[in-house]
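The values are calculated or read from the model by the stated rules, or taken from the named source; none is laboratory data. Not measured: the values here are computed from a predicted model. Positions of Cβ are backbone-derived with ideal geometry, glycine not excepted, and every protein chain shown enters the neighbour counts. In case anyone asks, the SASA skips ligands and DNA or RNA and just uses the protein heavy atoms, side chains included. Shrake-Rupley method; radii C 1.70, N 1.55, O 1.52, S 1.80 Å.
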Amino acid sequence: MTSKRSQSSQTSRSSKRSQSSQTSRSSQGSQEGRTRLQRATLAAGAALTVVVAGAGAAPGAGAAQENTAGKPKLKLIAASNSVTLDRYDWDGAGGVYLDLGTYLSVDDAPLEFKVTRKSYKDPVVAQQILRDGTSTSTKTKALPAGLVKDFSGLPGFIDVSIKNAAGEEVSATKGTFCPNNASGRIRPDAPATSKYPQSCPTNPFTLGSVWGVEKGWASNTSTIDYDKPVDLPVGEYTAEVGVAKQYRDLFGIPDDQHTIKVTVRSGDGGEGAGAAASRSSASSAHHGAGHGAPDAKDPAAAAAAAAHHYGPRGADAPTPPALSHALEDRGLAHHLGDGPGHTDGSRIAPALKPAAKRPSGRAGAPADVPKPDLRSLPAWDIAITNGEDGDVPGKDYLAFSANVWNAGPAPLVVDGFRSPGKDLMDSYQYFYDADGKQVGYTPSGTMEWDPRVGHEHWHFTDFASYRLLSEDQTKEVRSGKEAFCLANTDAVDYTVKNANWHPENTDLSTACGQQNSISVREVLDVGSGDTYTQYRPGQSFDITDLPNGTYYIQVIANPENRLQETNTKNNVALRKVVLAGEPGARTVTVPPHDLINAP
């Protein structure tokens, strides 16, 4: 995973947070690299359209007269009558991302949704939460069955028509609206901060999410599919943007159509995709490029980065500074836990600074102290590779992504302490009461320094193990163990008790430490999971000599039971795969996992 000096789309702990780790990952290396470089320019421009504040206050706090019915007043607005967009090209392909600066404004009451599914056998169900501003009571309104199919937002919410200078329609799209998109206040007496999460999760095995926009705020409605840019040549265009009729009827939104002049210019500037990251870096100076990031003025380095399977989260190598389109700077997370100004509903997650010294006294914790509940997600992003990132070139590997998440009700907090001259740190798990006071600890193994290029940080050992099982699941044919630097890369279920909607360490620059570190603290907060990307040495299985047939990828959380949990019976997840093909040209077929058809 990313080293402290290799900051992907996140900034260091001393700078401001952007949780791009919640975005989806492309499993195709060249496309993924292009996506990463493009996202930098696009997201920074979108996020700065509206002034953004931090997160932490209760919804609706401090605004004008309340709507006692709890029904929000919604309206589509445009930040500007004209926008300039950059076009990028790669090997004859490319296009433009339509960030047109339209927002959905919310007033009178917050716009809030609770989105869940009971299991992977059940469909996604979405409810609108209506908050009565005169009390703490809420009402729920079920959205039409089948309208929301995943956790990425309201599908088909925005209609966008693009016409060229001759008045001919050259593009017509329908965009998904994520209420947690880049947002900001629209009037000075609106709540100064937002309690809602900062993105809509796209992990295929997400179980629950909360979407919301504070009253007196507006959220960007632009949808960006980084795999599908709109092919608009350089020139002048006119965009017409409106809310789809089914949503106007459902939420009482006026039929406002906005006409926006669009200027498309070449974004390459003779420097290739790396220049995009360079310009983005200039506009967001506080986002450091990180150790080993490709030179923004070196097209060859940018091309090499584009060909590598880094990924937007869980990556082990540096990526250019970038913000997710759905996110914007929120400031340091001082809001954790309940209390004055701390109303996100989470337990108090201790800050990422380790204890001043290793614990002493008798180890243990009260039986009734809250503990984490670690659970594995089924593997996904499953593919055949021929060896990279430290594997043996020319061999066939079965690669995949794995995630272990914390269902709560308490965060997982692990400190590592190093004795002078030792290569390992002794690690300890800490326990806290409802007031955030430490009430116990237990030894939890070790942390090790990973010297491999692109890692170069401290890993908590035996956090998860991976096995490839035979078709009858009785024989282990391949196995591997992975140490993690814990980070809240994915929002898996923000509807569980004490879920923290704004975890602090959403990247790996905050807790992984350096080679000369004497101690580190790693935290996996409630509701979040840690994804370890598929293209990592030691995780993928060597299948060069493995017969074709049906197998199961098994992901096990806390395999040595070194961590105390509320439940250890839900630590194992399986994913079926079918291997075929010839050596050097192996294939893998991944059947759906219940209703989840994500290979």
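Side notes on the structure shown:
- Each of ALA165 and ALA351 was given a label point 7 Å from its Cα along the Cα-to-Cβ line. The distance between the two points is 5.7 nm.
- Length released on extending from LYS569 to VAL477, taking residue separation times 0.36 nm less the Cα-Cα span: 30.8 nm
- The heavy atoms of GLU168 present about 110 square angstrom of accessible area, all protein chains included, probe 1.4 Å.
- ³J(HN,Hα) computed for each position of the stretch 250-265 - Karplus, 6.51 cos²θ - 1.76 cosθ + 1.60, integer Hz, glycine/proline x: 5, 10, x, 8, x, 7, 9, 9, 10, 9, 10, 6, 10, 10, 9, 10
- Using the Cβ of TYR552 as centre and a radius below 12 Å, the other residues enclosed give a net charge of +2, where K and R count +1 and D and E count -1.
- The Rg/Rh ratio of the stretch 359-472, with both radii computed over alpha carbons and Rh defined as the Kirkwood radius, is 1.06.
- In sequence order, the stretch 164-181 has phi-based couplings of 7, 5, 8, x, 8, 6, 10, 7, 9, 10, 10, x, 7, 9, 9, x, 7, 5 Hz under the Karplus curve 6.51 cos²θ - 1.76 cosθ + 1.60, θ = phi - 60°, and Gly or Pro positions carry x.
- Gyration tensor (alpha-carbon) shape descriptor, the stretch 63-179, a/c threshold 1.5: oblate
- For LYS141, solvent-accessible area (1.4 Å; no DNA, RNA or ligand), Å²: 80
- The residues neighbouring PRO583, those whose beta-carbon lies less than 15 Å from its own, together hold a net charge of -2 under the Lys/Arg +1, Asp/Glu -1 convention.
- Under the shape rule built on the C-alpha gyration tensor, where the axes satisfy a ≥ b ≥ c, the stretch 553-599 is oblate, since a/c reaches at least 1.5 while a/b does not exceed b/c.
- Between ALA580 and VAL392, the FRET efficiency from the beta-carbon distance, with R0 = 22 Å, is close to 0.50.
- Amide H within-cut-off set for ALA598, under 5 Å, with H built and near neighbours excluded: HIS593
- For ASP231, distant residues with modelled amide H under 5 Å away: VAL96
- Percent of Cα pairs exceeding the 17 Å cut-off, where the set is the stretch 94-149: 58
- Within-12-Å neighbourhood charge of HIS258 [Cβ basis; K, R +1; D, E -1]: -2
- Backbone phi angles across the stretch 126-131, fed through the Karplus curve with coefficients 6.51, -1.76 and 1.60 (θ = phi - 60°), yield HN-Hα couplings of 10, 10, 8, 9, 9, 9 Hz in residue order; Gly and Pro are listed as x.
- Shown here are the Rg and Dmax of the Cα trace of the stretch 142-257, at 16.1, 47 Å.
- Accessible area (Å², 1.4 Å probe, nearest 10) - CYS200: 10
- Volume of the Cα convex hull of the stretch 406-477, divided per residue and given in Å³: 176
- Of the Cα atoms belonging to the stretch 351-421, the radius of gyration and Dmax stand at 19.4, 53 Å.
- For ALA402, distant residues with modelled amide H under 5 Å away: TYR532
- Label-point separation in nm, LYS422 to LYS139, each point 7 Å along Cα→Cβ: 6.1
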